[in-house]
Amino acid sequence: MSRAPTPALSAAPHAAATDAIRAASNDLAIVPFLHPQGCRTWLVADRPSRRALVVDPHADFVAALVERLHAEQWTLAWVVDTHTHADHPSGSAALAIRTQATRVAHPAARHRGVPRTPADGESLELGGQRARILHAPGHTPDSLVVVIGDALFAGDTLLIDGVARADFLGGDARALHDTLQRLLRELPDATRLFPGHDYAGRVESTLGEQKRSNPWLAERDREAFAVALSADPPPRPANMDELLRLNRDGTPIAAALPAAELVAPLAQPTASVVDVRTGAEFRAEHVSGARLIPLDELEQRADEVRALPAPRYLLCRTGARAAQAREKLLELGVAATTVVEGGIEALVAGGLATVKGRAHLSLERQVRIAAGALVLTGVAAALLLHPAFVALSAFVGAGLVFAGLTDWCGMGLLLARMPWNRVASAPEGARPHGGGCAAPRPSGGCAAPRPRSSAPPR
């Protein structure tokens, strides 16, 4: 997490760049994975040996990383967390399990399941390359950076035109100042900077460029730096306590939870609730602050889910459509989602206050009415016109049995597309203003605000 200037979050792609960025030697391949939340994951490979290392894997990128490793025929040797992340779920444990790679973290992190905790200056073998680990306290006591050739993977310690915030998790502004001065002193200006976050869509810089443009690096006085960094701290990252449990202890985000356990969490303004019902159902009643993404729009709008802080709670009327949404999101590489079992009906029964509008028939009730009407039509037509019309009733009955067995209802999906279910649905601000995969800068984030006295970067 970091303290950077505060530009709006750009529409960064959610998958890896199509071509690897190459270091000066051409023996090192660096593939960026850019998350809509501003997080950066780095896949680094020694081309001759095909041995690879991943820095700060976001949980949403695990499947894409495995796919890229297979496509390139690279063997993942190391999975490195540069610190204990408090703003997003780490995918380190899941990635290590899928690839049999070794997890790496600072000794002070005490992450469960991490066997390699290198000392300051220790190196990890990466074919013909050496990945040097430097301890970098400041943002957190367990922060580290990775230096491979002319590339610096700085986590949230040093960002492009920004630095780490140091106001929680044992952060220390004076220690951060010392860390930054050490990096500037020991690494050449040509060192290429690959940060752990960027909220403006940028991918890399150099230490030389940062010496000229980064206002925090211009402050050489340790005490003045600490005072400036500690002033006006931004809000804490959303869902921070739950994410810390996940990232430290390996506690997984539940695939589903009973609504009774979520009444209090979903009442919090920081809760990430994705409502997958129809627009008309949403307008009739919804959880305050929920984002409407109907089930049939989920594939096109998956980046809106990615941009939300984890865990993301999936909600429908009773839970069935939310379960379908979770499966679809997993196929799309979106992790850290939880189905609200029992849906909005169970939340209301548990006492959660909701926002109510014009009454509307739920999709489930519409399915019952439509199915019943078709069955009656088939029977009536068979009696009055021709016995063959009984096939219509049989077809509907078979469809209902199939829906009950598989929890997939084609009639429901068809009805969801009807005009009366797509009336203007979301209250002001429920949908992102920019559309697509663009997202606002997450509240709380990891970045520090710009020093008040600093001039804009050149």
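Computed quantities for the displayed model
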| quantity | calculated |
| --- | --- |
| Residue in region 262-307 that is surrounded by the most Cβ atoms within 10 Å (Cβ to Cβ), counting only those that are touching an Asp or Glu at 6+ places or on another chain (Cβ under 7 Å) and among the charged types (D, E, K, R) | Arg306 |
| Selection count, region 54-89, where residues are of a type in the set (A, V, I, L, M), closer than 21 Å to Arg236 by Cα and not in a loop (DSSP other than H, G, I, E, B) | 1 |
| Residue within region 135-144 that is buried (at least 21 other Cβ atoms within 10 Å of the Cβ), within 15 Å of Val54 (Cα to Cα) and within 26 Å of the chain's Cα centre (by Cα) present | yes |
| Residues satisfying the stated conditions in region 222-244, i.e. within 15 Å of Ala175 (Cβ to Cβ) and among the acidic types (Asp, Glu) | Glu223 |
| Test: residue in region 231-246 that is farther than 16 Å from Leu314 by Cα, more than 18 Å from the chain's Cα centre (by Cα) and without any contact (Cβ under 8 Å) to a residue 60 or more places away in the chain | no |
| Any helices (runs of 4 or more DSSP H) falling wholly within region 272-343 and containing at least 1 residues that are of a type outside the set (Lys, Arg) and within 23 Å of Gly91 (Cβ to Cβ) | 302-306, 320-331 |
| Flag if Arg220 is within 26 Å of Gly162 (Cα to Cα), without any contact (Cβ under 8 Å) to a residue 40 or more places away in the chain and not hydrophobic (A, V, I, L, M, F, W, C) | yes |
| Failed condition for Phe153, given (1) hydrophobic (A, V, I, L, M, F, W, C); (2) surrounded by 24 or more Cβ atoms within 10 Å (Cβ to Cβ); (3) farther than 24 Å from Val80 by Cβ | (3) |
| Spans of strands (runs of 3 or more DSSP E) in region 109-166 with at least 2 residues free of Cβ contacts under 8 Å to residues at least 24 places away in the same chain and in the same structural domain as Ser90 (by TED's automatic domain parsing) | 129-135 |
| Matching residues in region 247-264 - criterion: being in contact (Cβ under 8 Å) with a residue 40 or more places away in the chain, out of contact with any Pro (no Cβ under 6 Å at 6 or more places or on another chain) and either of a type in the set (S, T, N, Q) or under 14 Å from Val339 (Cα atoms) (or both) | Asn247, Ala254, Ala255, Ala256, Leu257, Pro258, Ala259, Ala260, Leu262, Val263 |
| Residue satisfying condition, being closer than 30 Å to Arg50 by Cα, modelled with pLDDT under 95 and of a type outside the set (S, T, N, Q), within set Gly162, Gly149 | Gly149 |
| Any hit, region 275-298, residues being within 24 Å of Asp81 (Cα to Cα), of a type in the set (Val, Ile, Thr) and either in the same structural domain as Leu159 (by TED's automatic domain parsing) or under 23 Å from the mean Cα position of the chain (by Cα) (or both) | no |
| Given (1) touching a strand residue (DSSP E or B) at 6+ places or on another chain (Cβ under 8 Å); (2) within 25 Å of Pro36 (Cα to Cα); (3) buried (at least 20 other Cβ atoms within 10 Å of the Cβ), index of the condition Ala259 fails | (2) |
| Condition check for Leu180: farther than 22 Å from Arg51 by Cβ, within 21 Å of the chain's Cα centre (by Cα) and assigned by TED's automatic domain parsing to the domain that holds His83 | no |
| Subset of region 198-211 [within 19 Å of Arg182 (Cβ to Cβ) and either of a type outside the set (Val, Ile, Thr) or out of contact with any Leu (no Cβ under 8 Å at 6 or more places or on another chain) (or both)] | Ser205, Leu207, Gly208, Glu209, Gln210, Lys211 |
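A quick yes/no check of all residues on (1) in contact with a His (Cβ under 7 Å, 6 or more places away or on another chain); (2) modelled with pLDDT under 95; (3) not assigned by TED's automatic domain parsing to the domain that holds Ala29; (4) not β-branched (Val, Ile, Thr):
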residue: Arg51; (1), (2), (3), (4): no, no, no, yes
residue: Val55; (1), (2), (3), (4): no, no, no, no
residue: Thr75; (1), (2), (3), (4): no, no, no, no
residue: Thr82; (1), (2), (3), (4): no, no, no, no
residue: Ala96; (1), (2), (3), (4): no, no, no, yes
residue: Ala101; (1), (2), (3), (4): no, no, no, yes
residue: Ala105; (1), (2), (3), (4): yes, no, no, yes
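Every residue, every condition in (1) modelled with pLDDT of 75 or more; (2) within 27 Å of Glu285 (Cα to Cα); (3) in contact with a Ser or Thr (Cβ under 7 Å, 6 or more places away or on another chain); (4) surrounded by fewer than 17 Cβ atoms within 10 Å (Cβ to Cβ), yes or no:
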site	(1), (2), (3), (4)
Thr337	yes, yes, no, no
Gly343	yes, yes, yes, no
Leu352	yes, yes, no, no
Ala403	no, yes, no, no
Gly412	no, yes, no, no
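The values are calculated or read from the model by the stated rules, or taken from the named source; none is laboratory data. Since this is a predicted model, take the numbers as computed values, not measurements. In this analysis, Cβ positions are derived from the backbone assuming ideal geometry, glycine residues included, and neighbour counts consider all displayed protein chains.
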